[in-house]
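Read the structure below first, then the notes.
The values are calculated or read from the model by the stated rules, or taken from the named source; none is laboratory data. From a predicted model like this one, the values you see are computed outputs, not experimental measurements. No Cβ is skipped: glycine too gets one built from the backbone with ideal geometry, and neighbour counts run over all protein chains shown.
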Amino acid sequence: MRVEVCTSTGTYPIIFEQGGLGKASEYFNLNRKALVVTDTGVPESYAQSLLSMCKEGALFTLPQGEEAKSLHYFEQLQLAMLNRSFTRKDCVVAVGGGVVGDAAGFAAACYMRGIDFYNVPTTVLSQVDSSIGGKTAVNLQGVKNIVGCFYPPKGVLIDSELLQTLPKRQMNNGYAEIIKIALTRDASLFEMLENSPPFARIEEAVRQAVLLKQEVVERDEREESLRKVLNFGHTLGHGIEAIQGQEGLYHGECVALGMLPMCAPEVRVRLNKALKKYGLPTQIKVDKQAVIDKVMHDKKREGDAITVVYCGEVGRFSFEQRTEEQLTDALYILEVGS
Ligand code: GLY
């Protein structure tokens, strides 16, 4: 299956194909220089398979984790292209999760003011969220995604076979984003997640989540209005993530926790059950004031209040204002034993 995403600068295809990695050259123009970017957490065979299809490929392996989204590695990626005399006609291909996609995409966006960028996301999280919509960025002094741009890829290849090697916790992590978009945009997808055996219909769940995200980014590419719905669970989630540190919870786990206080009580009962079913946390022991301090420094702050996404009914959402006090109270829902 193939869908075309419309952007302000053109369109790009998302190709869904089991085993598609081995046929990437049918979808991507690899008949030129290509910098294949991966990281140490991705099975090496994935990038090697891609590399074998490139006319003149070079491999760049980033370290696994947020460290890869630093200006240091940004410079290394630029140098890798410069030292091989890449021109504007050459390309970058990401083979990895969200970090790889963000770093490689931003490197492609900047080299010679922009060269073609293809993405082969290898995690559920990156297949359903970060590979779609053209956000690219690196971090600066601990501030996530602060240096970046919107730069639509030239193509995205979603190959469900690549998920077979994904650790269980990473699988759960990605499902948080599927649950997020289903809960706010599509009651029938949420019901499918509730009613099917866990992970049984993963290809369908990924495809539907991608199509829902496609609709959102086509209507609001630059996150001026509707796209903010994708931040559901992220306000408190980012606060929790920021104080957890490297060894703490994964992004999707923090989003799972962040969604719970932002729902009507009857929605929360269903969400709570769904999160447990997909191995995601529903309670946490956390320093609430530290979380709120992080949240109140969030870039989405407007005056004394913060705009949050609230789910009053499965499949629907609203944007609402919350004060610091209200957000602190909301965190009690997550207390162990509550
Ligand atoms: N990950 C949220 C977005 O793409 O806007």
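Some observations on this one:
- Residue match in the stretch 254-266 (condition: at pLDDT 95 or above and farther than 28 Å from His297 by Cα): yes
- Selection status of Phe74, among the aromatic types (Phe, Trp, Tyr), buried (at least 24 other Cβ atoms within 10 Å of the Cβ) and part of a helix (DSSP H, G or I): no
- Contacts under 7 angstrom Cβ, first residue in the stretch 182-205 being closer than 19 Å to Glu161 by Cα, partner among the β-branched types (Val, Ile, Thr) and surrounded by 15 or more Cβ atoms within 10 Å (Cβ to Cβ), 6 or more apart: Ala205/Ile178
- Top-ranked residue of the stretch 203-217 - restricted to ones that are more than 17 Å from Val255 (Cβ to Cβ) and either at pLDDT below 95 or not hydrophobic (A, V, I, L, M, F, W, C) (or both), ranked as surrounded by the most Cβ atoms within 10 Å (Cβ to Cβ): Gln208
Residues are listed down the side, and each one gets a yes or a no for (1) surrounded by fewer than 19 Cβ atoms within 10 Å (Cβ to Cβ); (2) within 30 Å of Gly22 (Cα to Cα); (3) in contact with a helix residue (DSSP H, G or I) (Cβ under 8 Å, 6 or more places away or on another chain):
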site	(1), (2), (3)
Glu161	yes, yes, yes
Lys180	no, no, yes
Glu194	yes, no, yes
Phe199	yes, yes, yes
Arg219	yes, no, yes
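- Taking helices (runs of 4 or more DSSP H) as the structural unit, those lying wholly within the stretch 203-286 and holding at least 1 residues that are within 24 Å of Gly65 (Cα to Cα) and in contact with a Leu (Cβ under 6 Å, 6 or more places away or on another chain) correspond to 234-244, 251-259.
- A count restricted to the stretch 16-47 and to residues that are surrounded by 14 or more Cβ atoms within 10 Å (Cβ to Cβ) and either within 24 Å of the chain's Cα centre (by Cα) or assigned to a helix (DSSP H, G or I) (or both) stands at 21.
- Test: residue in the stretch 191-213 that is within 13 Å of the ligand (Cβ to nearest atom) and touching a Phe, Trp or Tyr at 6+ places or on another chain (Cβ under 6 Å): no
- Matching residues, the stretch 87-145, being of a type in the set (D, E, K, R), touching a strand residue (DSSP E or B) at 6+ places or on another chain (Cβ under 7 Å) and within 12 Å of the ligand (Cβ to nearest atom): Asp102, Lys135
- The residues of the stretch 146-171 that are among the β-branched types (Val, Ile, Thr) and out of contact with any strand residue (DSSP E or B) (no Cβ under 9 Å at 6 or more places or on another chain) amount to a single one, Thr165.
- Within the stretch 287-329, considering residues that are more than 17 Å from Cys263 (Cβ to Cβ), among the polar types (S, T, N, Q) and not in a strand (DSSP E or B), the one modelled with the highest pLDDT: Thr328
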